[in-house]
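What follows is a single structure, written as structure tokens, with notes after it.
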Amino acid sequence: MTNHYIDLKNSDCILIMGSNAAEHHPIAFKWILRARDERKATLIHVDPRYTRTTARCDYHVPLRSGTDIALLGGMIKYILDNNLIQEEYVKHYTNATFIVNANFKSEDGLFSGFDAEKKKYDKSTWTFEKDETGIPKRDLTLQHPNCVYQLLKQHYARYTIEKVSAITGVPADLIERVYKDYASTGTKDRAGTICYALGWTHHTVGSQNIRAMSIIQLLLGNIGVCGGGVNALRGEPNVQGSTDHAILYNILPGYLKMPTAPIQTLAEYNEKYTTKTNDPQSANWYQNYPKYSVSFLKALFGEAAQPENDFGYSWLPKIEDGKAYSLMHLFDEMYKGNIKGMFCYGSNPACSAPNSTKVRAALQRLKWMVNVNIFDNETASFWKGPGVDSKQVETEVFLLPAASSLEKAGSQSNSGRWVQWKNKIANPPGDALSDGDIVMRIMDEVRALYAAEGGVCPEPILNLKWDYRDAKGNFDFLKTAKQINGYYLKDNETAKKGDLVPSFALLAADGSTACGNWLMAGSFTQKGENKMAARGLDDPTGLGLYPNWSYAWPLNRRIIYNRASCDLNGKPFNPKMKLLEWTGEKWVGDVPDGPWPPVSDKKAGKYPFIMKPDGVASIFGPGMAEGPFPEHYEPMEGPLNKNLLSGQLTNPMVSVFKTELDKFANADTKFPYVCTSYSCTEHWCSGALTRWQSWLTEMQPEAYIEIGEKLAAELGIKNGEKVRVDSVRGAVKCVAMVTKRFQPFTINGKVIHQVGLPFNYGWLFPKDSGDSANFLTAAVGCPNTFCPEYKAFMVNVSKL
């Protein structure tokens with residue numbers, strides 16, 4: 001989240017899209033309702049299904065799964081056509097004024113530089129024209145035909161309300177109502193926010209869904225302000241923390257880049273990822289990249305990391321340039337027999353990963369698997385699952401009992417970047433251990449083996465800094481957290497060796513500081529006070545910032561890019577929501593995005609978007625795989641054989657796996673119904689934790705499909721009857737829940753039905769409760785993140 005949960009109460013219009021916040025994010029929804037009740041905010045819910053969230057909103061906007069960009073693109077057109085932008089913000093705080101390369105083109109759903117054979121873009125035209133000093137040229141009138149603003153207008157000219165309605169199934173009058181209500185937040189005295197979740201990310205255009213909304217927020221001046229922002233509602237208490245600390249294959253902690261094989265030296269690595277600018281008013285914060293990378297290496301390898309060995313850079317694992325290592329790619333290689341062993345921590349991919357048939361077949365080709373979990377689950381017991389001949393499975397499985405979250409200390413980072421420390425309140429039962437203790441014990445044995453026998457490339461193992469035990473020999477959570485925060489390794493004018501680093505601004509590239517994650521530098525004070533454990537209830541601004549409750553990265557900043565809430569002179573655009581203000585000497589309010597004066601100070605002032613090389617936010621975003629502007633593409637499986645906006649049916653950058661189990665059936669009469677998957681309130685994710693709780697399984701005992709009354713009548717299906725749901729990849733049997741929550745869509749003049757299944761079930765427990773909805777889904781995803789397309793696929797439903 002650019003903002004935080006409590007700040008939702010400051011919004012004047014809240015668009016909930018790709019989220020069922022009332023059921024899955026009830027604490028966030030508490031503040032959404034506060035905005036409705038106290039500010040008379042308009043609440044809009046865009047979702048294919050009527051849910052408990054819908055019931056508390058002003059109105060519901062049902063749209064066909066996978067058509068979000070069509071709806072959002074139409075809103076961009078509406079804002080531009082009616083001149084509803086926050087003009088000062090757009091001109092000075094975004095790249096709308098930048099002049100784009102004259103050879104850049106956007107035609108028929110594709111952009112210049114596309115190689116259809118290689119499915120790759122040459123991005124050489126996705127650039128800006130620069131003046132003699134190397135600074136992007138601007139047109140502050142926004143009239144230059146090649147400025148970003150005019151190109152944006154041209155790109156979305158096709159997205160008429162009529163066309164959007166034909167694609168999404170949303171009636172035209174309802175579309176216009178959404179656009180009018182949300183665009184009203186473009187005035188300086190109003191703010192609008194978006195709350196999204198997996199309903200946006202689980203698509204082959206997932207990243208561009210978020211980009212489209214980001215463009216809307218920038219046009220309306222809603223980034224960096226109270227009640228605004230682009231706010232992801234994370235799926236559980238520590239998803240934010242897991243990504244902050246690099247659970248993804250392509251990043252190191254703090255979102256540093258994972259090294260690739262061609263980059264052989266630390267100097268080359270830092271050169272590639274240290275951003276550059278010639279504009280003196282750009283803070284260009286990633287010019288500090290070497291400070292963070294070197295400090296990370298020092299935290300990882302300790303005294304072994306020295307300048308003469310590149311601080312151990314060569315010991316880091318490298319990924320192949322241009323190659324992906326996502327969950328889908330991992331199981332594809334496993335299915336091909338190229339992966340022999342797997343550690344599976346707190347995860348149940350036999351139910352939660354797409355294309356369950358392929359995943360379970362892949363598990364049978366492993367030599368060994370270690371599964372760390374609280375309960376047995378379908379992944380750990382795949383070898384005795386339905387249709388599996390256990391005698392033919394050679395995989396040796398180790399199921400290690402793990403401590404639950406209440407049985408271990410540590411930090412949890414919520415969606416709003418608030419990192420909150422929690423204490424251990426009970427010991428784990430029996431042989432169960434915390435994840436930290438399990439990792440420590442395994443790595444101790446690995447290190448001993450390398451010390452005794454050497455082996456291939458022993459340096460990363462033996463040089464690892466590995467002293468994270470307490471006096472009793474157990475994993476020390478607090479000691480590890482302090483290493484993540486970072487230490488001074490040498491005396492200096494303000495600190496002694498061994499003091500904690502109180503700010504990432506004080507990290508160094510010379511090896512004198514160690515820091516496991518630069519974003520967390522400042523989570524402890526210099527003398528060791530744990531800010532994550534702070535529980536102060538004071539709120540000096542009255543805006544709900546609560547600066548002394550927990551620690552918010554970066555540097556306890558509650559709303560990022562907050563200097564964009566002020567005009568060029570540092571005065572708040574909305575004085576009634578004074579998040580930040582320049583006094584003439586300093587900023588007061590939230591922790592500012594840097595100490596520099598506002599933009600009007602041409603000598604010392606800096607633009608507000610400090611993490612961007614140009615200092616401004618990107619309406620034109622050349623970093624995306626499939627184009628600098630979001631474009632509507634149909635899901636890989638849908639009811640249409642033609643894109644109503646262009647000649648390009650699906651995302652041109654999507655990669656498709658080539659095994660015999662990777663099948664698709666687009667616009668196929670055998671699979672006529674759009675389907676989506678989601679979670680029910682009573683179970684969490686694959687149900688591996690919740691299905692063992694009798695009070696929860698009593699409420700939701702078995703797999704079910706929600707099917708609209710009209711479709712059920714056509715198929716002769718009654719509520720509670722057993723049905724079979726088929727896709728081209730597999731089938732599941734479940735109970736029919738006949739409901740008013742799904743209504744048919746009219747898509748380009750044709751009636752299209754949509755159904756939905758929760759993915760919370762598996763064969764192991766309870767008995768006869770059904771199996772995973774992911775037998776139906778395809779292993780295909782967004783080309784930027786490889787997040788699977790769980791939310792749109794085609795099925796048939798038949799009565800058993």
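The values are calculated or read from the model by the stated rules, or taken from the named source; none is laboratory data. The structure displayed is predicted, hence computed values, not measured ones. Reconstructed Cβ throughout: ideal geometry from the backbone, glycine too, with neighbour counts over all protein chains shown. These accessible areas exclude ligands, DNA and RNA; they are computed on the full protein's heavy atoms, side chains included. Shrake-Rupley method; radii C 1.70, N 1.55, O 1.52, S 1.80 Å.
Per-structure values
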quantity	calculated
Estimated vicinal HN-Hα couplings, Hz - the range 271-278 in sequence order (Karplus 6.51, -1.76, 1.60; Gly, Pro = x)	4, 5, 9, 8, 6, 10, 8, 9
nm² value of the averaged projected area, convex hull over the Cα atoms of the range 533-654	12.1
Solvent-accessible area of residue 752 with every protein chain in place, 1.4 Å probe, in Å² to the nearest 10	10
Span from the the range 154-206 Cα centroid across to the the range 697-743 one, whole angstrom	30
Probe 1.4 Å - accessible area at residue 17, Å² to nearest ten	0
Residue 398 accessible area, 1.4 Å probe, all protein chains in place, Å² to nearest 10	90
Computed FRET value (nearest 0.05) for residue 641 with residue 798, which takes r as the C-beta separation and R₀ as 22 Å	0.40
Principal axis dimensions, largest first and in whole angstrom, of the range 673-799 by Cα	46, 41, 23
Between the range 119-145 and the range 6-65, the alpha-carbon center distance in angstrom	38
Separation of alpha-carbon centers, the range 387-405 and the range 519-541, rounded to whole Å	42
FRET efficiency, 1/(1 + (r/R0)^6) with R0 51 Å, evaluated for residue 388 and residue 600 via beta carbons	0.15
Ranked order, 313, 273 - accessible area, probe 1.4 Å, largest first	273, 313
Debye equation applied to the C-alpha atoms of the range 394-462, log10 I(q)/I(0) at 0.21, 0.22 Å⁻¹	-0.93, -0.95
Accessible-area order (highest first, 1.4 angstrom probe) of the listed residues 310, 389, 593	389, 310, 593
Inverse mean reciprocal Cα-Cα distance (Kirkwood Rh) of the chain, Å	27.9
Heavy-atom SASA rank of 155, 245 (probe 1.4 Å, accessible area, largest first)	245, 155
Rg/Rh for the range 88-243, where both radii come from Cα atoms and Rh is the Kirkwood radius	0.99
Å³ per residue enclosed by the Cα convex hull of the range 760-800	91
Non-local Lys pairs in the range 673-799, i.e. 8 or more apart or on different chains, that have alpha carbons under 22 Å apart	22
Table column - 3J(HN,Hα) (Hz), the range 289-304, Karplus curve with 6.51, -1.76, 1.60, x for Gly and Pro	3, x, 5, 7, 5, 5, 5, 5, 4, 5, 5, 6, 10, x, 5, 5
Antiparallel content of DSSP bridges confined to the chain, in %, to 5	50
Distance in nm between pseudo-label sites at residue 188 and residue 740 (7 Å out along the Cβ direction from Cα)	4.6
Cα lying deepest toward the dipole's positive end in the chain, options 522, 541, 69, charges on Cβ	541
